[in-house]
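The structure appears right after this line, and notes come after that.
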Amino acid sequence: MNYARVIGTGSYLPQKILTNTELVEMVDTTEEWIESRTGIRERRIAASDERTSDLAEHASRRALDIAGITPQELDLIVVATTTPDHVFPSVACLLQDRLGIHNGGPAFDVQAVCAGFVYAIDVANRFFRTGASQKALVVGAETFSRIINWTDRNTCILFGDGAGAVVLEAAPEPGIISTHLHADGKYHELLNVPAGVSANYEQVLKGEAYTQMQGSEVFKWAVKALGDIVDETLAANNLGKSDIDWLIPHQANIRIINATAKKLSMAMDQVIVTVDRHGNTSAASIPLAFDEAVRDGRIQRGQTVIMEGFGGGFTWGSILLKY
Ligand code: COA
């Protein structure tokens, strides 16, 4: 059986920075409230003509550069996104075309909101384990700013746009050691955009398909689910907390990140944090943080990394990998 290993990472952030100072001019909030409750100081916002596929393409090209392979060598593209350019085709197909791959392998999107990247890696990993893929591109890309009500202080302070990508290659040893996914649709009303193609389409037409959230309920659930998934991941691999070199959490709120780090008995200098500068970029947050820490030399070859994500649905999961 083949394993998958990471041979390249890349990421991309739109140029426009939206600071807490600017948000104070837009909604009834304070810089102190946002930073102390969330850890966020600023986030990036895509330009009006910049689409999720654009962000995905930039991140992907950077990951392919590091991997040292051409797009034509890819036999699988999986994009995690909740903010695709179109209803269809998928961002993955648009990306495949942009990369100049024709008559290629499968390309499709995975939608699991902020757990999307974890889900996408799990799916891609299964292609490797069965021998169906030798080289794959897995991307998390979002223009979440498009589904935010910029007059709702409960949500608009939290989210941002961006993309991150990894290139995976078949290898005789992991690589990706294990993946763990969960969902519980009972909680769909706590965090959602309650409009789409087959429900409340008129809200979409009016440009009012917005994220709504019961923040403190989501917070409690996220802390519990992420603590449990860490336990599950360690137990499944017969590992102790000290076997983990790095935690790359979904970047939703520094207080949620702190709680998971505490659960793992990890010092914060073993935790990759970007939430202060990126906000919550949904499916892009984990690969963005991963790429940053690989490029600045913190994460080294041979080290053991746990990634964990939580999102609307609810969906949650983890990835254990040796970089
Ligand atoms: N500025 C000032 N006050 C705000 C505010 C803002 N931007 N947003 C909410 N408030 C107010 C609320 O209206 C509430 O006021 P009230 O007590 O008069 O009703 C008060 O602050 C406290 O709200 P609460 O929801 O209890 O705050 P909190 O400490 O839970 O922090 C979140 C709010 C949203 C930051 C936090 O709950 C959170 O991060 N939740 C998880 C969100 C998340 O990660 N979602 C994505 C998951 S992938």
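Hey, what number do you get for the chain at 222 nm if only DSSP H runs of n ≥ 4 count, each worth -39500 (n - 2.57), divided across all residues, to the nearest 500?
-9500 deg cm²/dmol
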request  = For the stretch 178-322, state what percent of all Cα-Cα pairs lands in each successive 5 Å bin, counting from 0 Å until the bin that includes the largest distance.
outcome  = 2, 9, 18, 21, 19, 12, 8, 5, 3, 2, 0
Value of Rg/Rh across the chain [Cα atoms, Kirkwood radius] = 0.95
inquiry  = Need the C-alpha centroid separation for the stretch 58-85 versus the stretch 265-323, integer Å.
reply    = 18 Å
message = Could you list Met213, Met26 so that the one with the fewest beta carbons within 10 Å of its beta carbon is first and the one with the most is last?
response = Met26, Met213
note = Diffusion coefficient in µm²/s returned for the stretch 3-172 by Stokes-Einstein, Kirkwood Rh over C-alpha pairs, 25 °C and 0.890 mPa s, is 147 µm²/s
remark   = Once phi for every residue in the stretch 279-288 is put through the Karplus expression 6.51 cos²θ - 1.76 cosθ + 1.60 (θ = phi - 60°), the whole-Hz ³J(HN,Hα) values, with Gly and Pro written as x, are x, 8, 9, 6, 4, 7, 5, 5, x, 4
key: Lysine pairs with alpha-carbon atoms under 17 Å apart, the chain, spacing 8 or more or separate chains   = 9
ask   = Which ³J(HN,Hα) values, rounded to whole Hz and listed in residue order, are derived for the stretch 95-111 from phi using the Karplus coefficients 6.51, -1.76 and 1.60 in 6.51 cos²θ - 1.76 cosθ + 1.60 with θ = phi - 60°, glycine and proline given as x?
value = 5, 4, 5, 4, 7, x, 9, 10, 6, x, x, x, 9, 7, 9, 10, 10
inquiry  = What number do you get for the stretch 1-78 when its Cα radius of gyration is normalised by 2.2 N^0.38 Å, N = residues?
reply    = 1.57
Label-point gap, in nm, between Asn192 and Phe88 - each point 7 angstrom along Cα→Cβ = 2.3 nm
inquiry  = If a paramagnetic tag sat 7 Å from the Cα of Arg37 along the Cα-Cβ line, which residues of the stretch 229-257 would have the backbone N under 20 Å from that point?
reply    = 251-257
request  = Could you list which residues have their amide H under 5 Å from that of Gly8, counting only those 5 or more apart in sequence or on another chain, with H placed in the peptide plane?
outcome  = Val167
note = Percent antiparallel among DSSP beta bridges confined to the chain, nearest 5, equals 70 percent
query = Which whole-Hz ³J(HN,Hα) couplings does the stretch 292-298 yield from phi under the Karplus relation 6.51 cos²θ - 1.76 cosθ + 1.60, θ = phi - 60°, glycine and proline marked x?
reply = 4, 6, 6, 5, 8, x, 5
remark   = Place a point 7 Å from the Cα of Val24 in the direction of its beta carbon; the residues of the stretch 138-169 whose amide N falls under 20 Å from it are 150-159
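Restricting to Cα pairs below 8 Å that are 6+ residues apart, what does the relative contact order work out to for the chain? Please round to a whole percent. Display every interim value, and only then the final one.
On the way: 797 pairs, mean separation 85.1, N = 323.
Across the chain, relative contact order equals 26 percent.
Every number in this text was worked out from the coordinates using simple rules, so none of it is lab data. Just so it is clear, the structure is predicted and the values come from calculations on it, not from any experiment. Every residue, glycine among them, receives a Cβ derived from its backbone with ideal geometry; neighbour counts consider all protein chains shown.
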